[in-house]
Amino acid sequence: MTGPVGYFAFQPPPLPLWKVLEPTQDPVCSIISVGTTQESGTNASAPPSNSSDALQLASTGRTRGELDGNDDLDNVRRTHQKECESAARKQSEIEWVRAGGVLRDAHGGRDKTRTEGIRAEIRLQEDGRRKLQRWERYEARCRALAEAASPLTFFDFPWPLLEPLTEKRVEMLTTSAVGSFLFESLNVKGCSSTRRDRIRTSLLRWHPDKVSSLLNRVVPEDIEIVREGIHRVFRSLKTLQDAQRTVHD
């Protein structure tokens, strides 16, 4: 008989799924076959335990051992998802209380304890936001001062104090006052700076040699009081630095 060879009496049964996923069709499947052989030490033609395993292997391009090893990773992901959901619920409660709402307990009654706890947390967040904004304004004013081209006055200088000076009173620039301003935002959530960082950066910023070029642009009537203010700030910073070193010695 000549011509193409067909089926004999009956059509062969359909190929099992593990045969359909043989490495001859897809490079991803070759990883499956080889990986399974190397890991288990069995024949590469041995089928996976069930078709769902084969589908998962084919879709991920990983060996069975890798999939089994991902159980811990799946647990981590589930834990992370639960934490995200919990954080989202907490944030929705905060927004509800911030808008004037009251939380309810499991029986539908007013939960005064949880509501007051959320209100305290809101006050803490707002206080931290104010502290960070005050520091950011200070940093912005320092940059603006360095870039200014016009004549400068005493009030153009961003004196490191919690409240801006409204009078030319350099005696307000005490070690305690300067330290209170520098360190107030360090305990705010999300702030990565340390006391040492703040002191070191400020010493570089307020060093008399560093700011000497600014004095050349100060209006004549303010030169002396600005110079005294700079020296007071610098001496305060040195005192804070010495105190910080003593704590860590």
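Take the Cβ atoms of Gln133 and Met172, set R0 to 22 Å, and the FRET efficiency comes out at 0.55. Partner lysines whose Cα lies under 24 Å from the Cα of Lys90, excluding those fewer than 8 positions away in the same chain, are identified as Lys82, Lys112, Lys131, Lys189. A crude spin-label estimate for the pair His80 and Asp197, with each label 7 Å from Cα along the Cβ direction, gives 2.5 nm.
Here the calculated FRET efficiency for Asp72 and Ser150, from their Cβ-Cβ distance with R0 = 51 Å, stands at 0.20, rounded to the nearest 0.05. Charge dipole of the stretch 176-249 (Cα centre as origin; +1 on each Lys and Arg Cβ, -1 on each Asp and Glu Cβ, all else neutral): 340 debye, rounded to the nearest 20.
Distance between the 7 Å Cα→Cβ label points at Phe183 and Lys210: 2.0 nm.
Values quoted throughout were computed directly from the atomic coordinates according to the rules given, and no laboratory measurement underlies them. Values in this document were obtained by computation on a predicted structure and should not be read as measured data. We place every Cβ from the backbone using ideal geometry, glycine too, and count neighbours over all the protein chains shown.
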